[in-house]
Amino acid sequence: MNEEVLERLLEPLGFASVAPDTLSFVQQIELFAQTRVLVGIGGAALTNMVFMPTGGTVISIQPPAMGGTFFEGLASHCGHELVVIWAAPRGGDALRATNVDIEVDPELVLDEVRAVVDG
């Protein structure tokens with residue numbers, strides 16, 4: 001729900017908002033092959049981490065109902081660190097995390113990103 005706020009905070013750090021489903025498969029591979037830190041909502045688009053160079057960081061923003069280890073195995077297999085940031089569900093079926101809008105604390109995401117970028 002507050003994606004635009006998050007985008008404005010991350011842009012000065014070199015981040016860009018991308019909708020992978022608008023890119024061809026080759027474009028996705030090329031983009032994620034250059035990605036060191038991936039920030040996104042827990043979902044299929046995060047599987048693009050397989051194209052990232054080993055040693056990257058994936059920051060998954062997700063509602064608590066999704067569980068904390070959804071991408072843990074994939075991130076580990078790829079040699080990436082996974083950071084899960086919990087977001088508050090708004091509407092939809094919050095208990096099952098389906099068709100749910102979420103709202104995340106942008107400062108919390110910014111702190112995690114800075115820790116990776118500056119670290």
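Only residues in the range 75-101 that are part of a loop (DSSP other than H, G, I, E, B) count as the first member; pair them with residues that are among the polar types (S, T, N, Q) and modelled with pLDDT of 75 or more, Cβ under 8 angstrom, at least 6 apart or cross-chain, and list the lot.
Gly79/Thr54; His80/Thr54; His80/Thr57; Ala87/Gln62; Ala97/Gln62
Of all residues in the range 30-59, how many are part of a loop (DSSP other than H, G, I, E, B) and among the hydroxyl-bearing types (Ser, Thr, Tyr)?
Adding up the residues that qualify gives 2.
Among the residues of the range 40-51, which ones are more than 25 Å from Glu4 (Cβ to Cβ) and of a type in the set (A, V, I, L, M)?
Val50
Please name all residue pairs, on different chains or six or more residues apart, with Cβ atoms under 6 Å, provided the first residue is in the range 19-32 and is under 12 Å from Val50 (Cβ atoms) and the second residue is of a type in the set (A, V, I, L, M, F, W, C) and modelled with pLDDT of 95 or more.
Correct list of pairs: Ile29/Phe51; Phe32/Phe51; Phe32/Met52.
Just checking, which of Val50, Val37, Val104 is among the aliphatic types (A, V, I, L, M), modelled with pLDDT under 95 and surrounded by 13 or more Cβ atoms within 10 Å (Cβ to Cβ)?
So the residue among Val50, Val37, Val104 that is among the aliphatic types (A, V, I, L, M), modelled with pLDDT under 95 and surrounded by 13 or more Cβ atoms within 10 Å (Cβ to Cβ) is Val104.
Against the definition (aliphatic (A, V, I, L, M), part of a loop (DSSP other than H, G, I, E, B) and modelled with pLDDT of 90 or more), how does Val18 come out, yes or no?
yes
The values are calculated or read from the model by the stated rules, or taken from the named source; none is laboratory data. As the structure is a computational prediction, the values presented were derived from the model and not from experiment. Heads up, the Cβs are rebuilt from the backbone with ideal geometry, glycines too, and the neighbour counts pull from every protein chain shown.
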